[in-house]
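Asks: Pasting a structure below so you can have a look.
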Amino acid sequence: MTRVIGLISGTSVDGIDAALVDISGTDLDIKIELVAGATYPYPADLRERILAVCAGVAISMAELAELDDAIACTFAQAAQNIQIGHHKPTLIGSHGQTVYHKPPSQPITPIGYSLQLGRGESIANQTGITTISNFRVADIAAAGHGAPLVPRIDAALLSHPQEERCIQNIGGIGNVTYIPVRRDNWLEKIRAWDTGPGNSLLDLAVEHLTDGAKTYDENGSWAASGTPCSPLVEHWLSLDYFHLPPPKSTGRELFGVDYLHQCLQDAEAYQLSPADLLATLTELTAASIVHSYRTFLPQMPQRVLLCGGGSRNLYLKRRLQVLLEPVPVVTTDEVGLSADFKEAIAFAVLAYWRSMGTPGNLPTATGARQEVLLGQIHSPLVVSA
Ligand SMILES: Nc1ncnc2c1ncn2[C@@H]1O[C@H](COP(=O)(O)OP(=O)(O)OP(=O)(O)O)[C@@H](O)[C@H]1O
Ligand SMILES: CC(=O)N[C@H]1[C@@H]2OC[C@@H](O2)[C@@H](O)[C@@H]1O[C@H](C)C(=O)O
């Protein structure tokens, strides 16, 4: 058994999800136990700086270096905090903070680009624990998107001998892993891609409507008091991304501030109330997820398992249930895997696999030419007495 810490801050940039996990077994036959999980919010000024960079604000190289290390410090602090009261882990898997993601586009740029800040060498030195980071670069070097990487962990932890499942993460961005029944050549039949916006546009809209007083629509109650505007959703669904066949990945570069401004402009013609606007943006998330299943899956799954912060949005969950009828929609908690900490657990597992020489990507998910080892290993400095 190996005790590992998994760390990630996702595209919502709300804070660092940390999971302390005991892992045993090999490759897809692993067992995990979540010993502790916690979210450590970013200090407000650091969050603002990250969001500005994500939105394309220019910074100098010196500022970039400073930001990289400020993020590494908060990640190292999260790793220190999650260990309190527990035996020390031997490994950290840190995703870091994505600040830029450009998928490959054939034939112009066959190699994509994805930048995660919060350098692993700094986390290793601050914690005294070997840290694996930069998980996306090896997949990108193999002509993959470098995302989504969680599908192989979904396959290991959530596949089923009799049930076809979709695992739907709803973070800032949404992503799905379709897992056929676990038999024969099931691994080759897994499909995965980023479905489009998760909470990113909703969060930005709530901030805009409340002048920054609120950052998200708690439980989806505000949207639930409105009505979605169907013609607008139909119009938004005509965006190229939703019709692009997988493998595909996206980020705040597409579904960020500029896209929301376009949505607000489109909405003016319909004179929507704030609640109607939020209901319409929520519907875009739900409809784009379901549209992508109906368009790109070999068949509809027997069950959908939700995870990520958006699984707490009860209105969004209800809309998904209605659009997916008769497929049941539940959360991964209901099958024993934490919906809040699944991504952090995934980076603990990726670090574990890297330490054992096991590949972490699924070429059918990322489009990479082959399976590759993911992550760069950073040993802590040995301080001589
Ligand atoms: N109780 C709640 N009600 C509604 N929405 C919620 C609730 N709790 C969290 N969320 C939403 O979930 C978001 C955070 O989700 P999560 O932490 O899964 O995203 P992320 O990991 O940053 O993104 P990604 O998976 O794209 O990298 C919040 O920004 C908010 O929009
Ligand atoms: C570049 C990047 O950070 N992508 C994230 C983002 O957030 C959700 C979705 O888009 C997913 O593709 C990915 O994260 C998860 C952890 C993944 O790689 O599976």
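The values are calculated or read from the model by the stated rules, or taken from the named source; none is laboratory data. None of the values given here were measured: they were computed from a predicted structure. Note that each Cβ is placed from the backbone with ideal geometry, even for glycine, and that neighbours are counted across all protein chains shown. Note: areas computed on protein heavy atoms with side chains; ligands, DNA, RNA excluded. Shrake-Rupley method; radii C 1.70, N 1.55, O 1.52, S 1.80 Å.
Asks: Can you tell which of D211, D240, D276, D258 is open to solvent by less than 70 Å² (accessible area, probe 1.4 Å) and either outside the structural domain of A368 (by TED's automatic domain parsing) or more than 26 Å from T98 (Cα to Cα) (or both)?
Replies: Exactly one of D211, D240, D276, D258 is open to solvent by less than 70 Å² (accessible area, probe 1.4 Å) and either outside the structural domain of A368 (by TED's automatic domain parsing) or more than 26 Å from T98 (Cα to Cα) (or both), namely D276.
Asks: Right, another one. Please tell me if L157 is open to solvent by less than 20 Å² (accessible area, probe 1.4 Å) and touching a residue at least 12 places away in the same chain (Cβ under 8 Å).
Replies: Here the answer is no, as L157 does not meet what is asked.
Asks: May I pose another question? Among the helices (runs of 4 or more DSSP H) lying completely within segment 200-300, list those that include at least 3 residues that are in contact (Cβ under 8 Å) with a residue 60 or more places away in the chain and within 16 Å of ligand 2 (Cβ to nearest atom).
Replies: Hits in segment 200-300: 200-209, 274-296.
Asks: Being surrounded by fewer than 23 Cβ atoms within 10 Å (Cβ to Cβ) and of a type outside the set (D, E, K, R) is the filter; apply it to segment 181-205 and report the residue that is nearest to the chain's Cα centre (by Cα).
Replies: I190
Asks: For segment 134-159, name all the residues that are within 16 Å of ligand 1 (Cβ to nearest atom) and under 23 Å from R252 (Cα atoms).
Replies: Within segment 134-159, F135, R136, H145, G146, A147, P148, L149, V150, P151 meet the criteria.
Asks: Might you let me know whether segment 319-330 holds any residue that is of a type in the set (S, T, N, Q), modelled with pLDDT of 95 or more and surrounded by 18 or more Cβ atoms within 10 Å (Cβ to Cβ)?
Replies: The answer is no; no qualifying residue exists.
Asks: I need the helices (runs of 4 or more DSSP H) fully contained in segment 13-132, keeping only those with at least 1 residues that are open to solvent by 60 Å² or more (accessible area, probe 1.4 Å) and among the basic types (K, R).
Replies: Counting at least 1 such residues, we get 44-54.
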